[in-house]
1. Let me make sure I get this right: for the stretch 1-48, a, b and c are the square roots of the gyration tensor eigenvalues over alpha carbons, sorted descending. Under 1.5 in a/c it's rounded, otherwise prolate if a/b > b/c, else oblate. Which is it?
2. Can you spot the aspartates and glutamates whose alpha carbon is less than 14 Å from residue 28's alpha carbon? Ignore those fewer than 8 places along the same chain.
3. Give me the distance in nm between label points sitting 7 Å out from Cα along the Cα-to-Cβ direction at residue 6 and residue 57, one decimal.
4. Residue by residue through the stretch 27-33, what is 3J(HN,Hα) from phi via Karplus (6.51 cos²θ - 1.76 cosθ + 1.60, θ = phi - 60°)? Round to whole Hz and write x for glycine and proline.
5. Given R₀ = 41 Å, what would the calculated FRET efficiency be for residue 45 paired with residue 91, taking r from the Cβ atoms and rounding to 0.05?
6. Subtracting the Cα-Cα distance from 0.36 nm times the residue separation, let me have the gained length for residue 67 to residue 35 in nm, one decimal.
7. Arranged by the count of other C-beta atoms within 10 angstrom, fewest first, what order do 42, 64, 32 take?
Amino acid sequence: TGEELIDAGELTREIKARDRELANPYTKDLQITAIRGARRYIPDRLSRVAKPHRLLDPGAGPLIAVRLWILTRKTLGGLETDLSARVMKADGEPLPGLYAAGEVAGFGGGGVHGYRSLEGTFLGGCLFSGRAAGRAVAQSL
């Protein structure tokens, strides 16, 4: 774009903070704790070639940067809902008495897992949104 999208000073501070947490065996950083936990799992230990390391460690290089272009493969859309599964009108207000869950609310084939998702993998999102809708309906009665 020609403009500086990343503040170099802020990036340096973030990297140093991450390196400090990685060097701390008692860190409370959730991502580092999860990585360490996964590495105790034998298949993960056998398949990973690089251990987590400090980014500023001169012996850890060379490091590379990869530009990612984030996109969705496909979405089937659905009715716009709020967190209580109420269907929203065009003005952003809920439509009284109308709730949506599952694929009609954007869950299911395409909405969460993409066009070629495996059968049954979208059931979790449908159940989750159905439960939220059921709770909201029960509270409204």
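Every read-out reported here was derived from the displayed coordinates using simple, explicitly stated rules and does not represent laboratory data. Just so we're clear, the structure is a prediction, and the values are computed from it rather than from any experiment. We place every Cβ from the backbone using ideal geometry, glycine too, and count neighbours over all the protein chains shown.
1. It comes out oblate by the Cα gyration axes.
2. 19
3. That separation, rounded to one decimal, is 2.0 nm.
4. Residue by residue, the stretch 27-33 yields 4, 9, 5, 5, 5, 5, 4 Hz.
5. For residue 45 and residue 91, the calculated efficiency is 0.15.
6. Result for the pair: 9.2 nm of gain on full extension.
7. Listed from fewest to most nearby Cβ atoms, that is 64, 42, 32.
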